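Asker: This is the structure I want to talk about, given as structure tokens.
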Amino acid sequence: MADQRIDVDPNLHFPRESEPSLDFESDTTSIASEIAKGRIENGRRYQALKDDVYWSPSDEQQFEAFELGHMVCIMLDYHRSNPLFSAPIGENPKHILDIGTGKGNWALDVADQYPDATVRGVDLFPPPVTWVPPNCIFEVDDIQREWTWREPFDLIHLRQMLGSFTAEGWKGLYQQCFNNLAPGGWIEQIEFDVRVKSDDGSLPPDSVLAGWGDNFIGCGERAGQSLTTQETMRASIEAAGFVDVHERLYKVPMGPWPKDKLLKEVGLLNQQHWKSGLEGYAMWLLTKFGAPSPWTKEEVEIYLVNVRKELKDTRIHAYGYVRRVWARKPRDDHMIQTLAKDKESS
Ligand SMILES: C[S@@+](CC[C@H](N)C(=O)[O-])C[C@H]1O[C@@H](n2cnc3c(N)ncnc32)[C@H](O)[C@@H]1O
């Protein structure tokens, strides 16, 4: 499916400003602690648990983008019996972990689906939730610290964690995942490619959107925390000792231009996802690592005005890739020990 061209809807019209747009409620939380207050920069709130090394704000605007991203991911696998994940963990998982849970949407949905499992969501910033099912636990922590959970997990899930860690950090994280999964347990990761494409030349090569991907990949490189995670995660997961590796690549339209009804819905949601996330994707990375030198807040704002214009233009048939990888920890103790020995001697 990912290498197929998406047909353009010939009846597409230009929406008027007065037409209703998607409207999502933003939650606020009043957890009274320094961690929950975060750190304010350029009008956005960032996590305050660890040093200033991570790009995404943790505020209502960005939580709205996380929620829309969650909906896009679910729509992509709408026709599957379980659109939340693909790892075949069976009917009775006991322990599930969501790393970098964000607004907590995935953890909450999985906790609903498996009421007998304990689902943990961990993040640098507390998710804005007022009620959680009793089998869902949110924890504020840096996942790069040594883990203290005792129970082996049946599934560890990561989504949109691009740009969170250095290459060494990723290596250590996959190793922690491997060590903390039950034999036969699964890891699953889903990541967006930041590059924007079109198949029919409708995205002008000199457009802001066409240059978006390389602009941000450059920022990630200068930050030492690459944004190309969707390209590298499979090999890194394999290198950590996982077996039975599966992969699915999705082509995700931006905007309502596809003819296919489901893809049109996905495109609308993704357009909204981009609109609400844009400033949060751009502000930290460009004001710290923009080229040729860090940008001012005003320069970022002007850039984003142009991105928004192009995002609204339904003559542009843009899309991006999303990749899902899932893999299993070997069941066999002997195989795990051999892998550990191989790693020690390499
Ligand atoms: C782009 S958001 C994605 C959120 C969520 N996974 C989703 O798909 O909606 C990435 C999240 O990872 C969290 N994160 C980044 N580095 C982390 C770390 N070292 N430990 C825990 N969480 C981290 C961020 O705070 C942020 O909420």
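The values are calculated or read from the model by the stated rules, or taken from the named source; none is laboratory data. Computed from a prediction, not measured in an experiment: that's the story for all the values here. Cβ sites come from the backbone with ideal geometry, for glycine too, and all protein chains shown count toward neighbours.
Asker: Would you mind telling me which numbered condition in (1) part of a helix (DSSP H, G or I); (2) in contact with a strand residue (DSSP E or B) (Cβ under 9 Å, 6 or more places away or on another chain); (3) closer than 24 Å to Asn306 by Cα; (4) within 16 Å of the ligand (Cβ to nearest atom) Val194 fails?
Answerer: Val194 satisfies every listed condition except (1).
Asker: Please list, ordered by first then second residue, the pairs with beta carbon atoms under 9 Å, 6 or more apart or interchain, first in the range 62-89 and free of Cβ contacts under 8 Å to residues at least 60 places away in the same chain and closer than 13 Å to Val252 by Cα, second of a type in the set (Lys, Arg) and more than 10 Å from the ligand (Cβ to nearest atom).
Answerer: Close Cβ pairs (under 9 Å, with a partner that is of a type in the set (Lys, Arg) and more than 10 Å from the ligand (Cβ to nearest atom)) amount to Asp77/Arg248; Asp77/Arg324.
Asker: Just the residues that are over 23 Å from Glu60 (Cβ atoms) and either in a helix (DSSP H, G or I) or among the β-branched types (Val, Ile, Thr) (or both), please, taken from the range 265-297.
Answerer: Initially, the range 265-297 is screened for residues over 23 Å from Glu60 (Cβ atoms), giving 265-267, 289-296.
Of everything in the range 265-297, those that are over 23 Å from Glu60 (Cβ atoms) and either in a helix (DSSP H, G or I) or among the β-branched types (Val, Ile, Thr) (or both) turn out to be Glu265, Val266, Gly267, Phe289, Thr296.
Asker: Can you name the number of the only condition in (1) under 30 Å from Glu299 (Cα atoms); (2) within 14 Å of the ligand (Cβ to nearest atom); (3) not basic (Lys, Arg) that Leu84 fails?
Answerer: All conditions pass for Leu84, except number (1).
Asker: For the range 44-74, how many residues are among the aromatic types (Phe, Trp, Tyr) and either near the ligand (Cβ under 8 Å from one of its atoms) or in contact with a Leu (Cβ under 8 Å, 6 or more places away or on another chain) (or both)?
Answerer: Pass one, the range 44-74, residues among the aromatic types (Phe, Trp, Tyr): 46, 54-55, 63, 66.
Remaining after also requiring either near the ligand (Cβ under 8 Å from one of its atoms) or in contact with a Leu (Cβ under 8 Å, 6 or more places away or on another chain) (or both): 54-55, 66.
So the count comes out to 3.
Asker: How many residues does the range 129-154 hold that are over 26 Å from Gly169 (Cβ atoms) and either in a loop (DSSP other than H, G, I, E, B) or modelled with pLDDT under 95 (or both)?
Answerer: Initial filter on the range 129-154 (over 26 Å from Gly169 (Cβ atoms)): 129-136.
With either in a loop (DSSP other than H, G, I, E, B) or modelled with pLDDT under 95 (or both) added as a condition, the list becomes 129-135.
The qualifying residues number 7.
Asker: Right, here's the next one. Determine which single condition Asp109 fails, assuming it passes every other condition in (1) more than 30 Å from Ile6 (Cβ to Cβ); (2) outside any loop (DSSP other than H, G, I, E, B); (3) within 13 Å of the ligand (Cβ to nearest atom).
Answerer: The failed condition is (1).
Asker: Working carefully through the options Arg234, Arg222, find the one that is under 28 Å from Trp274 (Cα atoms), touching a helix residue (DSSP H, G or I) at 6+ places or on another chain (Cβ under 6 Å) and not in a loop (DSSP other than H, G, I, E, B). I'd like the intermediate steps shown before the answer.
Answerer: Details: Arg234 fails: touching a helix residue (DSSP H, G or I) at 6+ places or on another chain (Cβ under 6 Å).
That would be Arg222, the only listed residue that is under 28 Å from Trp274 (Cα atoms), touching a helix residue (DSSP H, G or I) at 6+ places or on another chain (Cβ under 6 Å) and not in a loop (DSSP other than H, G, I, E, B).
Asker: Given the residues Ile74, Ile89, Ile99, which is the only one that is farther than 27 Å from Trp274 by Cβ and of a type in the set (A, V, I, L, M, F, W, C)?
Answerer: On the way: Ile74 fails: farther than 27 Å from Trp274 by Cβ; Ile99 fails: farther than 27 Å from Trp274 by Cβ.
That would be Ile89, the only listed residue that is farther than 27 Å from Trp274 by Cβ and of a type in the set (A, V, I, L, M, F, W, C).
Asker: Sticking with this structure for a sec: Specify the residue that is nearest to the ligand (Cβ to nearest atom); the eligible residues are those in the range 88-104 that are of a type outside the set (D, E, K, R) and surrounded by 24 or more Cβ atoms within 10 Å (Cβ to Cβ). Walk me through how you get there before you give the answer.
Answerer: Within the range 88-104, the subset of a type outside the set (D, E, K, R) is 88-90, 92-93, 95-97, 99-102, 104.
Keeping just the survivors that are surrounded by 24 or more Cβ atoms within 10 Å (Cβ to Cβ) gives 96-97, 101-102, 104.
Details: Ile96: 14, Leu97: 11, Thr101: 6, Gly102: 3, Gly104: 8 Å.
Here the residue is Gly102.
Asker: Looking only at the range 127-142, which residues are within 14 Å of the ligand (Cβ to nearest atom) and surrounded by fewer than 21 Cβ atoms within 10 Å (Cβ to Cβ)? Before the answer, list the steps.
Answerer: The first filter runs over the range 127-142 and keeps only residues within 14 Å of the ligand (Cβ to nearest atom), leaving 127-129, 138-142.
Selection gives Pro128, Val129, Phe138, Glu139, Val140, Asp141, Asp142.
Asker: In the range 176-192, is there at least one residue being touching a Cys at 6+ places or on another chain (Cβ under 7 Å) and not charged (D, E, K, R)?
Answerer: Start the filter on the range 176-192 by keeping residues that are touching a Cys at 6+ places or on another chain (Cβ under 7 Å), which leaves 187, 190.
Keeping just the survivors that are not charged (D, E, K, R) gives 187, 190.
There is at least one residue in the range 176-192 that is touching a Cys at 6+ places or on another chain (Cβ under 7 Å) and not charged (D, E, K, R).
Asker: Any chance you could count how many residues in the range 32-43 are within 13 Å of the ligand (Cβ to nearest atom) and under 24 Å from Leu227 (Cα atoms)?
Answerer: Number of matching residues: 2.
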